[in-house]
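Enquirer: Have a look at the structure that comes next, please.
The values are calculated or read from the model by the stated rules, or taken from the named source; none is laboratory data. As the structure is a prediction and not an experimental result, all values here were calculated from the model. Positions of Cβ are generated from backbone atoms using ideal geometry, with glycine treated the same way; all protein chains shown enter the neighbour counts.
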Amino acid sequence: MKEFEKPKELQENEELKQIERDVRTLADTMNELSDLVNEQSESIDTLEDFISESKNDIKQGDKLLVESEHYKESTNWYHDKVVYTLGGLVSLGIIIFIL
């Protein structure tokens, strides 16, 4: 009767070895999945950094546009004053010259 038990023990041993192989395969798959998730996380963190930097650059650009608009307005004001003053002086010079 022990002869019949041996094959059963061998069969159980083979089944246990198969379960062990399956568990190792599952563990390897889980490790690979963990690595992929970590890589994706790093990519997402990098994208978040780029988005944050872009927002800061846009705010800085907005501020520079407002400053340049003020500069343009003040330059136009000075330009107009100089033109009118020179025009007035030239007109005055012509009037004095004619008289």
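Enquirer: Has segment 14-31 got any residue that is of a type in the set (A, V, I, L, M, F, W, C), modelled with pLDDT under 90 and out of contact with any helix residue (DSSP H, G or I) (no Cβ under 7 Å at 6 or more places or on another chain)?
Expert: no
Enquirer: From the list Glu39, Glu3, Glu53, pick out the single residue that is at pLDDT 90 or above and not aliphatic (A, V, I, L, M).
Expert: Glu53
Enquirer: Turning to a different aspect of this structure: When you go through Ser68, Ser74, Ser34 one by one, which is the residue that is in a helix (DSSP H, G or I) and either modelled with pLDDT of 90 or more or under 15 Å from the mean Cα position of the chain (by Cα) (or both)?
Expert: Step by step, each of Ser68, Ser74, Ser34 is checked, and only Ser34 is in a helix (DSSP H, G or I) and either modelled with pLDDT of 90 or more or under 15 Å from the mean Cα position of the chain (by Cα) (or both).
Enquirer: Does Gly61 qualify as being part of a helix (DSSP H, G or I), among the small types (Gly, Ala, Ser) and at pLDDT below 85?
Expert: Working: part of a helix (DSSP H, G or I): yes; among the small types (Gly, Ala, Ser): yes; at pLDDT below 85: no.
It is false that Gly61 is part of a helix (DSSP H, G or I), among the small types (Gly, Ala, Ser) and at pLDDT below 85.
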